[in-house]
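I have placed the structure first, in the form of structure tokens, so that the comments after it can refer back to it.
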Amino acid sequence: QNEKTRKEIYSLYLSKDVPKLRKLLLSRLKFGTAGLRGQMGPGYSQMNDLVIIQTAQGLTVYLEETAKDVIHESGIVIGYDGRHNSRRYVEGNFHCIEYQGHRRIYSPSSLDAETKATPFVPFTVLLYKCAAGVMITASHNPKEDNGYKVYWKNGAQIISPHDEEIQKTIMKNLHPWENSWDISILTASTQLTDPLQEAMNSYMKALGQAVLEAELNSNCKIKFTYSAMHGVGYVYMAEAFKTANFQPFVVVKEQKEPDPEFPTVEFPNPEEGRSALDLSIKTADLHNSSVILANDPDADRLAVAEKQSKGNNEWHVFSGNELGALLGWWSWYARRKREPEEDPSQLYMMSSTVSSKILKTMAAKEGFNFIETLTGFKWMGNKTAELQRQGKSVLFAYEEAIGFMCGTEVLDKDGISAGIRVAEMAAYLSKKDMSLMDKLKELFSVYGHHISCNSYYICNKQPVIQRLFGRLRTFSGSPDSYPQSLLNGTYEITSIRDLTTGYDSSQPDKKAVLPVSKSSQMITFTFKNGLVATLRTSGTEPKIKYYTELVALPEETNLKELQDTLQEMVTAIINEFLQPDKNGLKQGPST
């Protein structure tokens, strides 16, 4: 009953554009990375009112079948960001859930309150012990996209079997329920509760309790600059700075308020590096600020840049792996400061398989535990919940795509708490006349250089992706005959793990230990000289990503030599494995 999308389909019908109609109507969005994400528009293969209603109906029925007591007693949390149609899609959710007679729906009341930062949905799920949470967001995707992200009652993003079962339930409930298009009844709803202020107070209380030295923060001479990247983060970060006893930051005014057009950036993704931080750098320079903090539009990611003090007035934009090293160290330091006698064997940190192995190196030296998971915080969040049930403590988790989980108040990446932890660390280091970069160099001198080069190629053609990865699996003409070296034997490959097929040459039975997914491509090559390289497809974007890291011993101090080796190997991986010219791939920026 959405006239806009009806007219778009009808126009294609009149023009007899059968290929386009087939693409829009004969396939549908499926649950991927914790839910749905895609371009907004007509048809079952895009995000629109009908797809949202069908998805909400499927989720609601599934919750009735699997968590009936919880859903009726404690309800569900729903949040939305500032993107086009986000509020509209929430309205479709409300009706479906209320139609089933659920006791409580927690969301901004009357749909006229502030938009919500994504981390506050999983936080509120745990706060009220809800059955589930839904966040309408496409995170850092282009403005044409939106998404439907689902959290389970443990506060983590859904994983198998929930995602597959919800998909099945959606397919059994495609016909819109009675009055499903009538949102006027929501104005008289008695089931809608606005939790925002109480959730905000509880979140900030927990954030404040984790502050190590409030007095040090209040006397901090560093001037911070903050960008919300046209998203929802400003209100939350401003309150977090106040809670942690910092002076107010300088805000990038042009990017302060939610704007679904993202007018000042080509991509609303601080992971893109300097190109996304141009306005932040200009603002910081204008106000003599030396540290930049930037969230993505739904405030679950954090980018950090620091002005270098060597007289060149240059800015260093930290990679996700560099920030992972710094925040990992800070998490360990802060915990030992508070609990010096605590048994480190009960403490854990984790990162995704495509992230740096710096936490693994730290763990081996310091005595805490390290766990590697598949890519994505749905795996780290659920693993954290599992460890908590065993009485263990997770200090920190991260993925190289500038996603950080500092503590366990939010079992997902959280750009707000990560921003405060970085600010705390910077304040502490400044007291010792050190910068973030100084500390990073010190960490590498202790644990060895961990240098990486990560980027991606755009590829919109699935047959090309299938052919590219198929070639790597049959490199010598037979199944599981992967490449054995680079540059005609210069760099030997010692093991190969393929989490699409389940093959792992390093295991006695040749079977991978980590979970296997045939719906995505992911191959990891380990080289004799310590380089680990992973090629994978994105679950939310048309990208082929590559991740490489060269791990050196502490005594290997010639950084330029290590960087030259890394660059030579990355170039060879691109030319020999990805073959961008032959496959028509367009490269993104390196980090």
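The values are calculated or read from the model by the stated rules, or taken from the named source; none is laboratory data. Since the model is a prediction, treat every value here as computed from it, not as a measurement. Don't worry about glycine lacking a Cβ; one is built from the backbone with ideal geometry, like all the others, and counts go over all protein chains shown. Areas reflect the complete protein model, heavy atoms only, side chains present, ligands, DNA and RNA absent. Shrake-Rupley method; radii C 1.70, N 1.55, O 1.52, S 1.80 Å.
The single condition among (1) surrounded by 24 or more Cβ atoms within 10 Å (Cβ to Cβ); (2) in contact with a Phe, Trp or Tyr (Cβ under 7 Å, 6 or more places away or on another chain); (3) assigned to a helix (DSSP H, G or I) that VAL304 does not meet is (3). The number of residues in region 156-169 that are under 17 Å from CYS130 (Cα atoms) and touching a Gly at 6+ places or on another chain (Cβ under 7 Å) comes to 2.
Note on region 66-83: among residues that are assigned to a helix (DSSP H, G or I) and closer than 21 Å to TRP177 by Cα, the one that is most open to solvent (accessible area, probe 1.4 Å) is LYS68. Might you check whether a residue that is within 25 Å of LYS143 (Cα to Cα) and assigned to a strand (DSSP E or B) occurs anywhere in region 567-587? There is at least one residue in region 567-587 that is within 25 Å of LYS143 (Cα to Cα) and assigned to a strand (DSSP E or B). Restricting attention to region 280-301, the residues that are within 19 Å of the chain's Cα centre (by Cα) and either in a loop (DSSP other than H, G, I, E, B) or modelled with pLDDT under 95 (or both) add up to 6.
Would you mind stating whether SER356 is assigned by the TED database to the domain that holds PRO542 and under 21 Å from LEU550 (Cβ atoms)? Considered against the rule, which asks whether it is assigned by the TED database to the domain that holds PRO542 and under 21 Å from LEU550 (Cβ atoms), SER356 comes out as no.
Residues in region 163-177 that are of a type outside the set (A, V, I, L, M) and either over 14 Å from ASP49 (Cβ atoms) or touching a Phe, Trp or Tyr at 6+ places or on another chain (Cβ under 7 Å) (or both): ASP163, GLU164, GLU165, GLN167, LYS168, THR169, LYS172, ASN173, HIS175, TRP177. Among the conditions (1) in a helix (DSSP H, G or I); (2) over 24 Å from GLU372 (Cα atoms); (3) in contact (Cβ under 8 Å) with a residue 12 or more places away in the chain, the only one that GLU556 does not satisfy is (1). Which one is nearest to PRO122 (Cα to Cα) among residues in region 294-344 that are among the hydroxyl-bearing types (Ser, Thr, Tyr) and touching a residue at least 24 places away in the same chain (Cβ under 8 Å)? Ranking the qualifying residues of region 294-344, first place goes to SER331. The set of residues in region 36-65 that are surrounded by fewer than 23 Cβ atoms within 10 Å (Cβ to Cβ) and free of Cβ contacts under 8 Å to residues at least 24 places away in the same chain comprises TYR44, SER45, GLN46.
Exactly one residue out of GLU576, GLU568, GLU556, GLU549 is modelled with pLDDT of 95 or more and loosely packed, with under 15 Cβ neighbours inside 10 Å, and it is GLU568. All conditions but one from (1) farther than 25 Å from THR243 by Cβ; (2) open to solvent by 30 Å² or more (accessible area, probe 1.4 Å); (3) under 22 Å from the mean Cα position of the chain (by Cα); (4) not basic (Lys, Arg) apply to SER455; the one that does not is (2).
The rows are residues; the columns are (1) part of a helix (DSSP H, G or I); (2) in contact with a Lys or Arg (Cβ under 6 Å, 6 or more places away or on another chain); (3) among the polar types (S, T, N, Q).
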| site | (1), (2), (3) |
| --- | --- |
| GLU424 | yes, no, no |
| ALA427 | yes, no, no |
| SER445 | yes, no, yes |
| SER452 | no, no, yes |
| SER455 | no, no, yes |
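Considering the conditions (1) in contact with a Leu (Cβ under 9 Å, 6 or more places away or on another chain); (2) surrounded by fewer than 23 Cβ atoms within 10 Å (Cβ to Cβ), PHE377 is excluded by exactly one of them, (2). Here the condition is being among the basic types (Lys, Arg), modelled with pLDDT of 95 or more, farther than 20 Å from VAL354 by Cα and open to solvent by 10 Å² or more (accessible area, probe 1.4 Å); of LYS413, LYS431, it holds for LYS431 alone.
Restricting attention to region 230-279 and to residues that are open to solvent by 70 Å² or more (accessible area, probe 1.4 Å) and part of a loop (DSSP other than H, G, I, E, B), the residue that is farthest from ASP145 (Cα to Cα) turns out to be GLN247.
Test ASP498 against the criterion of being of a type outside the set (Val, Ile, Thr), within 31 Å of the chain's Cα centre (by Cα) and closer than 11 Å to PHE525 by Cβ, and give yes or no. Spelling it out, ASP498 is indeed of a type outside the set (Val, Ile, Thr), within 31 Å of the chain's Cα centre (by Cα) and closer than 11 Å to PHE525 by Cβ. Answer with yes or no whether GLN563 is over 27 Å from GLY35 (Cα atoms), out of contact with any His (no Cβ under 7 Å at 6 or more places or on another chain) and open to solvent by 30 Å² or more (accessible area, probe 1.4 Å). Yes, satisfied.
Would you pick out the residues in region 3-29 that are surrounded by fewer than 15 Cβ atoms within 10 Å (Cβ to Cβ) and either under 23 Å from ILE136 (Cβ atoms) or touching a residue at least 40 places away in the same chain (Cβ under 8 Å) (or both)? Hits for region 3-29 are GLU3, LYS4, ARG6, SER27. Out of region 457-470, which residues are in a strand (DSSP E or B) and either at positive phi or in contact with a helix residue (DSSP H, G or I) (Cβ under 7 Å, 6 or more places away or on another chain) (or both)? If the condition is that a residue be in a strand (DSSP E or B) and either at positive phi or in contact with a helix residue (DSSP H, G or I) (Cβ under 7 Å, 6 or more places away or on another chain) (or both), then TYR457 is the only one that fits.
Counting only helices (runs of 4 or more DSSP H) that sit completely within region 307-417, those holding 2 or more residues that are among the basic types (Lys, Arg) and in contact with a strand residue (DSSP E or B) (Cβ under 9 Å, 6 or more places away or on another chain) correspond to 377-389. Among the residues examined, ILE159 does not qualify as in contact (Cβ under 8 Å) with a residue 24 or more places away in the chain and open to solvent by less than 10 Å² (accessible area, probe 1.4 Å). Across region 338-356, a minimum of one residue is classified as over 23 Å from THR225 (Cβ atoms), touching a Ser or Thr at 6+ places or on another chain (Cβ under 7 Å) and among the small types (Gly, Ala, Ser). TYR148 meets each of the listed conditions (1) touching a Lys or Arg at 6+ places or on another chain (Cβ under 8 Å); (2) farther than 17 Å from TYR62 by Cβ; (3) aromatic (Phe, Trp, Tyr) apart from (2).
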